[in-house]
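Worksheet: one structure, shown below.
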Amino acid sequence: MVIYHLSTECYPIAKVGGLADVVGALPKYQNKIKGIDAKVVMPWYNKPFVHEHEFEVVFDGFIHQGSNMLQVQVMKEKTNVLGFELYMVKIPGLLDRDNPYGYQDESFQFLAFQQAILHWLCAMELKPDVLHCHDYHTGLVPFMVEHCPEFSFLQGVKTIGTIHNGEYQGMMNWNMANYMPSFDAYKWGLMDWNGFMNPLASMIKCSHAFTTVSEGYLEELFISFRGLESLVRQEFGKAYGIINGIDAEVWNPETDPMLDFNFNSKNAVAQKKKNKEKLCKEYGLNPKLPLFAFIGRFATEKGADLLPDVVWKSIKQSYGALNIMILGSGNTYIENKLKEYDYTYTNFALDLGYKEHLSHKIYASADFLLMPSRVEPCGLNQMYSMRYGTVPVVRYTGGLKDTVEDISTGGAGLNFTYPGVDDIVHAMNRAIGIYNQKGMMKELIHANMNFDFAWEKSAEKYIALYNS
């Protein structure tokens, strides 16, 4: 079975969030299953990975986007160093940039990316068994395959769509249809939602099946989906919730090259202490105090807007008997407020930006990980933290409730139900109480490290879905 994963992100080439981690791991684990040949197709980015590895041109052609003729090159990484064949689509002026997102012409980028993929497959007569489309950036592929005459060679190919984050749907005005390849005009409704072109809605309508990245998130979409609630209820017969996994080879505290002190479940308490002492020394924190960490984008869906008040209130209520460290970026107001607290409080540390190496060190050093998410389709950070013996303190929502059970009901984490400052600080106070009980803390470290979040089970579920 030949599967093409279509995505704008893939770790370690280009990463903004969990989408990259999934696309960088799922195909690798699928390829460990007999008879499976999973590949990844993504845009070309001006990133270190592409300069450090050797690529070959496997296709060179042209597509039309409206009245513009665009050159398309498909580059293949030669060595399959990631555990799968990697193809990168290059279009001068559109798909040759530094970052996946943040450009004013994103709609043109993503339309061209999807059209270029299908043009390449048709021109080279490559007919996969499955086209697996990740998020709205590739959401129009199922429609194009069946309703654009230019791609008739691919008609009948099974298409699967995965919703990693339904908050982003890629809505466009209908004038963007002028930049698509010609399509059966009477099928326009398959791309429409409330008078706009909606790629995510189109993916749900046109794919043979669609998945969410956890069962809990699928349940939430029935009642909260930014206007698509009725659509997902209508199409529920082809909806599946499959929890994400993590790449246990990359996220392995025993072999992780990014850590100062590696460890396993047997020596985790002592080695985590060494990692924590070194990190605290670097950032001027007291290693004897419990260390809470937040890692992620400063987005309201992540509850990041609550962080300044959480920092202030938790330090005040505990009389400074804790450390807080935050790694992230994305909102100027939040960044500036946290910078102010970084200057004010000696037991608070801030590092702005996306830093993969530092995130690994924090997971290995922190005692508790904060995830006050308003929306969390799956969440990978809690799995990383548990793999590294760090206790997750999470809001009970989406994939977090599928993966983190509270200690009061036999689990190894801490839950709170409302995304508010008081609830978060209350959960942190519970955590401080646990930290001061060394025997319980040791048990939680070991319990969390023994959870199995590797991709094997989820990869098999996807294969079963493809076969169905």
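Check off (1) of a type outside the set (S, T, N, Q); (2) free of Cβ contacts under 8 Å to residues at least 12 places away in the same chain; (3) surrounded by 23 or more Cβ atoms within 10 Å (Cβ to Cβ) for ALA25 and give me the number that stays unchecked.
(2)
Could you list all residues from the range 207-234 that are closer than 23 Å to GLY195 by Cβ and in a helix (DSSP H, G or I)?
LEU221, GLU229, SER230, LEU231, VAL232, ARG233, GLN234
Here are some residues: LEU306, LEU285, LEU289. Which one is among the hydrophobic types (A, V, I, L, M, F, W, C) and in contact with a helix residue (DSSP H, G or I) (Cβ under 6 Å, 6 or more places away or on another chain)?
LEU306
Tell me, which strands (runs of 3 or more DSSP E) wholly within the range 47-134 include 2 or more residues that are crowded, with 20+ Cβ neighbours inside 10 Å and in contact with an Asp or Glu (Cβ under 6 Å, 6 or more places away or on another chain)? Working first, answer last.
On the way: elements: 55-65, 68-77, 85-90, 130-134.
Of the strands (runs of 3 or more DSSP E) lying wholly inside the range 47-134, those with at least 2 residues that are crowded, with 20+ Cβ neighbours inside 10 Å and in contact with an Asp or Glu (Cβ under 6 Å, 6 or more places away or on another chain) span 85-90.
Being surrounded by 20 or more Cβ atoms within 10 Å (Cβ to Cβ), touching a Cys at 6+ places or on another chain (Cβ under 9 Å) and farther than 29 Å from LEU19 by Cβ, is that true of even one residue in the range 317-327?
Checking the range 317-327: at least one residue is surrounded by 20 or more Cβ atoms within 10 Å (Cβ to Cβ), touching a Cys at 6+ places or on another chain (Cβ under 9 Å) and farther than 29 Å from LEU19 by Cβ.
Say we look at the range 432-468 and pick out the residues that are basic (Lys, Arg) and modelled with pLDDT of 95 or more; which of these is farthest from the chain's Cα centre (by Cα)?
Of everything passing the filter in the range 432-468, LYS442 is farthest from the chain's Cα centre (by Cα).
Filter the range 225-275 down to the residues that are under 19 Å from the mean Cα position of the chain (by Cα) and without any contact (Cβ under 8 Å) to a residue 40 or more places away in the chain and list them by number.
Hits for the range 225-275 are GLY241, GLU249.
So which residues in the range 16-74 are closer than 30 Å to GLU456 by Cβ and polar (S, T, N, Q), if there are any at all?
Answer for the range 16-74, where residues must be closer than 30 Å to GLU456 by Cβ and polar (S, T, N, Q): GLN30, ASN31.
For ILE204, are the conditions met, namely being closer than 29 Å to VAL2 by Cβ, touching a residue at least 60 places away in the same chain (Cβ under 8 Å), assigned by TED's automatic domain parsing to the domain that holds PHE108 and not charged (D, E, K, R)?
So ILE204 does not fit the description; no.
Can we say LYS278 is more than 26 Å from the chain's Cα centre (by Cα), part of a loop (DSSP other than H, G, I, E, B), among the basic types (Lys, Arg) and closer than 13 Å to ALA366 by Cα? Give the derivation first.
On the way: more than 26 Å from the chain's Cα centre (by Cα): yes; part of a loop (DSSP other than H, G, I, E, B): no; among the basic types (Lys, Arg): yes; closer than 13 Å to ALA366 by Cα: yes.
When the stated conditions are applied, LYS278 does not pass them.
ILE362 passes all but one of (1) assigned to a strand (DSSP E or B); (2) touching a residue at least 60 places away in the same chain (Cβ under 8 Å); (3) closer than 13 Å to LEU279 by Cβ; which number fails?
Only one criterion is unmet by ILE362, namely (1).
Consider ILE242 against the criteria (1) buried (at least 20 other Cβ atoms within 10 Å of the Cβ); (2) not assigned by TED's automatic domain parsing to the domain that holds LYS28; (3) not charged (D, E, K, R): it satisfies all of them except one. Which criterion is unmet?
Of the numbered conditions (1) buried (at least 20 other Cβ atoms within 10 Å of the Cβ); (2) not assigned by TED's automatic domain parsing to the domain that holds LYS28; (3) not charged (D, E, K, R), the odd one out for ILE242 is (2).
Just wondering, is there one or more residues in the range 328-347 that are touching a strand residue (DSSP E or B) at 6+ places or on another chain (Cβ under 9 Å), buried (at least 20 other Cβ atoms within 10 Å of the Cβ) and part of a strand (DSSP E or B)?
Yes, some residue in the range 328-347 is touching a strand residue (DSSP E or B) at 6+ places or on another chain (Cβ under 9 Å), buried (at least 20 other Cβ atoms within 10 Å of the Cβ) and part of a strand (DSSP E or B).
Would you confirm whether any residue within the range 390-399 is crowded, with 23+ Cβ neighbours inside 10 Å, in the same structural domain as ALA364 (by TED's automatic domain parsing), of a type in the set (Lys, Arg) and closer than 19 Å to MET325 by Cα?
yes
The values are calculated or read from the model by the stated rules, or taken from the named source; none is laboratory data. Since the structure is predicted, the reported quantities are computational estimates derived from the model, not experimental observations. Positions of Cβ are backbone-derived with ideal geometry, glycine not excepted, and every protein chain shown enters the neighbour counts.
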